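Scroll down for the structure; my scribbles are underneath it.
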Amino acid sequence: MSNRILFSVVGLLFPLVAFAASSGDEPKNGLPEAALKILSAATRVECFRIGPQSADKSDGQPVAKRIDIYPISSTAKEQGRDFSDKLTAVLKDEKSYGPPARCFSPGVGLRAWNGKESVDVIICYKCRDFLAIARNAEGKEIARSQSAGFAKLPGFPGNWAAFVQLARTAFPDDADIQKLDPNKDWGETDPK
């Protein structure tokens with residue numbers, strides 16, 4: 001066998017071997033283990049409407065007025081363990097992990113608390129993406145998920161209705177959130 005053929009075979013097999021080796025370490029649902037651990041024991045969830053533009057650290061805005069890099073524009077009523085369990089179930093569902101869109105203009109932030117540890121879930125209902133950030137008791141980031149898409153796409157069922165239900169429960173007085181239709185996902189045609 002020539003070196004050229006050998007290198008070609010090795011070049012084709014290496015990505016498969018690397019994928020097989022790494023796939024066992026990755027959480028099946030896409031969330032880092034640290035985030036799952038915190039979410040599974042979370043007892044309360046703060047609910048925020050956030051601005052889609054990031055607030056850089058030099059703008060003088062205190063950390064308490066942001067969720068990750070996004071400024072908080074309003075706060076809804078804090079939710080309890082029941083809501084936390086629903087949030088955790090949605091984030092564990094494989095249907096929540098489709099391909100992400102290229103844009104990310106989030107409008108909703110949910111912060112689940114387990115004691116002093118937290119997980120921020122930042123959601124964009126325009127592009128149907130979210131990401132999660134786990135923080136330890138000192139507020140230091142310990143894990144961050146990759147952006148994931150929850151839209152219904154060809155070959156992917158999506159989890160749009162579950163994400164809409166979370167927002168509608170968290171923001172019962174927000175007219176824009178209440179207009180979200182759990183039965184009409186991105187890309188679907190208007191039934192009229």
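Quick note: the coordinates plus some simple rules give every number you see, no bench work behind them. Computed from a prediction, not measured in an experiment: that's the story for all the values here. Every residue, glycine among them, receives a Cβ derived from its backbone with ideal geometry; neighbour counts consider all protein chains shown.
Some observations on this one:
- Theoretical gain in end-to-end length, Asn183 to Lys77 [0.36 nm per residue, Cα-Cα removed]: 35.6 nm
- Placed amide H near Asp129: partners under 5 Å, 5+ positions off or other chain: Cys124, Phe150
- Most to least packed among 90-103, 155-168 [average Cβ atoms within 10 Å]: 155-168, 90-103
- Expressed in units of 2.2 N^0.38 Å, where N is the residue count, the Cα radius of gyration of region 29-178 is 0.97.
- Check: region 29-178 dipole with +1 on Lys, Arg Cβ and -1 on Asp, Glu Cβ, in debye: 100
- Cross-link check: pairs Lys95/Lys140; Lys37/Lys179; Lys95/Lys116; Lys126/Lys184; Lys116/Lys179 evaluated at a Cα-Cα cut-off of 22 Å; pairs beyond the cut-off: Lys95/Lys140; Lys37/Lys179; Lys95/Lys116; Lys116/Lys179.
- Size descriptors for region 113-192 (Cα atoms only): Rg and Dmax, in that order, 15.1, 52 Å.
- Each of Asp173, Asp129 has some number of other Cβ atoms within 10 Å of its Cβ, and from fewest to most they run Asp173, Asp129.
- Kirkwood hydrodynamic radius of region 77-123, from the reciprocal of the average inverse Cα-Cα distance over all distinct pairs: 12.3 Å.
- Packing-based exposure ordering (other Cβ within 10 Å, fewest first) of Lys126, Lys152, Lys140: Lys140, Lys126, Lys152
- Net length gained if the chain between Asp93 and Glu141 were fully extended (0.36 nm per residue, minus Cα distance): 14.9 nm
- Across region 29-178, C-alpha contacts under 8 Å between residues 6 or more apart give a mean separation that, scaled by the residue count, equals a relative contact order of 26 percent.
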